[in-house]
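The values are calculated or read from the model by the stated rules, or taken from the named source; none is laboratory data. It should be emphasised that the depicted structure is a prediction, and the values quoted were computed from it without experimental measurement. Backbone-built Cβ (ideal geometry, glycine too); neighbour counts: all protein chains shown.
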Amino acid sequence: MSIRICVGGGSFGTLAALQGRAQADRTLVIDIDAQCRARPYADRIVVDPNTILDSHPGSIYLLVDDGTRALLDILDRWVPDLVVAASRGHLAAHLAVEHVMRRGKELLPSTDLVPYVIEGLPSGSVIINDLDQAVVVTSYMPSSLQCTEGCMQPPVCPVTGRDISVPMHAAIHRAVDDKVDLPIVLKTIHSDDVASVSGRELVAMLSSLDRMGNESTTAIATACGCHGFINLLRLFDH
């Protein structure tokens, strides 16, 4: 029996919460909207996230709060087994920015790194290149096609027939490893159509950020075998 946190209570967060119930996990959904899609499935609406620790197996609790800030508060106190990112944007990067801000520092986009990182990624895998925000989204799947439902990411893509000899998380690590001072690549865990990351990996990420010096650079990525999200950032002391 695990404890999972779903940041976002929309359709994907609801799916993840119901999967948790089916697996007898204890699930805390965090959403700023008290009327989010997950609400009808919640056993309780709580104000203290610690309440989930004493809940029954299969419980779904809803915390109405900002997902990033609430999760960061939780990670300062205890470590969930799984975290499901079911809200907009790159949760790991949002956590990193908020974490260093609480310590009087700032993480800003490092746009100068983008071309060098893209150069090291697999050919044709860059789906989005947001230079202003230093964000790169990668995928072995062309944007004109869709993954098959419940795909377990075999070595050969069942849609395109492409041989995926290097998983995307490994390809991203190769591309950023020598380009930044602190490369962080979180590998997602897949179960059916739900992807999550280890709570311990998130805590380790936050701890490593505390060791960065002024103007150091980091790449924060979350990736599975086929898709990835990368933020390139530089740390500044106030």
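Quick one: which of Val197, Val185 is crowded, with 19+ Cβ neighbours inside 10 Å, of a type outside the set (Asp, Glu), free of Cβ contacts under 8 Å to residues at least 60 places away in the same chain and touching a helix residue (DSSP H, G or I) at 6+ places or on another chain (Cβ under 8 Å)?
Val185
For region 51-81, give me each residue that is among the polar types (S, T, N, Q), touching a residue at least 12 places away in the same chain (Cβ under 8 Å) and in contact with a strand residue (DSSP E or B) (Cβ under 7 Å, 6 or more places away or on another chain).
Within region 51-81, Ser55, Ser59 meet the criteria.
Name the pairs: first residue in region 109-120 and farther than 12 Å from Arg234 by Cα and assigned by TED's automatic domain parsing to the domain that holds Tyr140, second residue among the charged types (D, E, K, R) and part of a helix (DSSP H, G or I), Cβ to Cβ under 7 Å, at least 6 apart or on different chains?
Gly120/Arg174
Which pairs do you get when a residue that is of a type in the set (Gly, Ala, Ser), found in region 4-19, comes within reach of a residue that is part of a helix (DSSP H, G or I) and surrounded by fewer than 24 Cβ atoms within 10 Å (Cβ to Cβ), reach meaning Cβ atoms under 8 angstrom, with the pair 6+ apart or on two chains?
Gly9/Arg39; Ala17/Tyr41
Of the residues Pro122, Pro80, Pro142, which single one is of a type outside the set (Asp, Glu), modelled with pLDDT under 95, surrounded by 15 or more Cβ atoms within 10 Å (Cβ to Cβ) and not in a helix (DSSP H, G or I)?
Pro122
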